[in-house]
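The block underneath contains the structure these notes are about, expressed in structure tokens.
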Amino acid sequence: MQSIEDLTKILSVAPELSVSEPEPGFPVITVATKMSKATIALQGAQVLTWIPDGHEPVLYVSPRAKYEPGTAVRGGIPICWPWFGNHPDDDSKPQHGFARTTMWELIHAESGAATAHLTFKLPLNEETKKLFPHDAEVTAHMTIADKLSVALKTKNTGEELFQITSALHTYLTVGDIDRVQVEGIKECHYLDQLDGEMKFQEKPVKIEEETDRIYRSVASVLMRDLGQKRSVFVDKSGSRSTVLWNPWIEKTKTIKDLPDRAYQEFVCIETANAGTDKPTVRPNKTHTLETVLGLRPLA
Ligand code: TA6
């Protein structure tokens, strides 16, 4: 793992960039430009917070999140890789893969007054090969300004093709869960993870119950947050599935790193390759999964 000194040296290229350890052994990078502020944990290359200048935070992070190596942080944009959800063949393997609980390496950092660029690399070794028995180079590329872009690149550096599922598991804050509309996934088919049924989204999407759906869609999503009088757009590429998740009242009570009221405060709108959307990465080819977030007035 890179030391605080290593990270400080890499980040010393620009005054907008810094690093701290809110918890021992858990480095967090801070980006503060005139357009926005962000924090990114080295573990999982996980964006924790993103606050456009003059606005309220866009990402939700649980007040009960644990910041300790090896524990997934509840909130921000967890990177689910090399599988989404349960491991396809072995339930004993970690939910959502191992990328989000592994310390990544910061390999590039630059910033101007308005825009910062960070690149992280996932260390893959004999240990991780037990979970993902292929040769790959995995990097996360972030552009932080008045929009936030996270691009997850999986390059096949081996001789055999492989398949992955993955997600940029974005937690968006909402002002009032009862006054949220999610546009862009109407008239799409979706896999309802609660009963395993394929369904069709006829009506505009509202969050009124436990919601855990994999929509078949390549479209951007617009989340209209009437409570905060704003909309958040979730643009994407390299993704044929959009996951919508809110645990609602009862499920939230079973999630120890979420307060009971949390279901009222976030919606996950995830740019994913999930369900039957399982990209094949051929030797020397790269799959890129990108999400771009930003604010829009509540039209
Ligand atoms: O993205 C939806 C989902 O797969 C839900 O089923 C729920 O498990 C959620 O992810 C959170 O997963 P986590 O492992 O972070 O608790």
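Couple of notes before you dig in:
- Comparing mean-square fluctuations of Gly70, Gly196, Gly25 from a GNM of the chain with C-alpha springs under 10 Å, the top value falls on Gly196.
- Here's how it looks for Val61: its modeled amide H is under 5 Å from those of Gly76, which are all 5 or more places away or on a different chain.
- Convex hull of segment 132-227 built on C-alpha atoms - directionally averaged projected area, nm²: 8.5
- For the chain, with +1 on Lys and Arg beta carbons and -1 on Asp and Glu, the positive-most of Leu172, Thr8, Ser220 along the dipole: Ser220
- Charge dipole (debye, nearest 20) of the chain; +1 at Cβ of Lys and Arg, -1 at Cβ of Asp and Glu: 560
- Between the listed residues Ile249, Trp83, Ser237, the Cα displaced farthest toward the positive end of the dipole of the chain, a dipole computed from Cβ unit charges relative to the Cα centre, is found at Ser237.
- Karplus-derived HN-Hα couplings along segment 251-260 (A = 6.51, B = -1.76, C = 1.60, θ = phi - 60°), whole Hz, x at Gly and Pro: 4, 4, 5, 8, 9, 5, 9, 10, x, 4
- When each of Lys186/Lys251; Lys199/Lys285; Lys251/Lys285 is checked by Cα-Cα distance, pairs over 28 Å: Lys199/Lys285; Lys251/Lys285
- Bridgeable lysines around Lys147 (alpha carbons under 19 Å apart, same-chain partners fewer than 8 residues away excluded): Lys34, Lys37, Lys229, Lys236.
- The dipole here belongs to segment 237-292: it is taken about the Cα centre, uses +1 on the Cβ of Lys and Arg and -1 on the Cβ of Asp and Glu, and is about 280 debye.
- Efficiency of FRET between Arg179 and Glu202 - r from beta-carbon atoms, R0 25 angstrom, step 0.05: 0.75
- Footprinting exposure proxy for Tyr67, Tyr60 (fewest neighbouring C-beta atoms within 10 Å first): Tyr67, Tyr60
- Taking the Cα centre of segment 188-264 as reference, the dipole from Cβ charges on Lys and Arg (+1) and Asp and Glu (-1) amounts to some 380 debye.
- In terms of other Cβ atoms within 10 Å, Val58, Val13 run from fewest to most in the order Val13, Val58.
- Whether segment 198-255 is rounded, prolate or oblate, judged on the alpha carbon gyration tensor where a/c under 1.5 counts as rounded: oblate
- Ordering Ile40, Ile107 by the number of other Cβ atoms within 10 Å of each residue's own Cβ, fewest first, gives Ile107, Ile40.
- For segment 80-178: rounded, prolate or oblate by the Cα gyration tensor [a/c cutoff 1.5]: oblate
Computed from the coordinates by the stated procedures, all read-outs in this text should not be read as laboratory data. Please read these numbers as outputs of a predicted model, since none were measured by experiment. For neighbour counting, all protein chains shown are included, and Cβ atoms are generated from backbone atoms with ideal geometry for every residue, glycine included.
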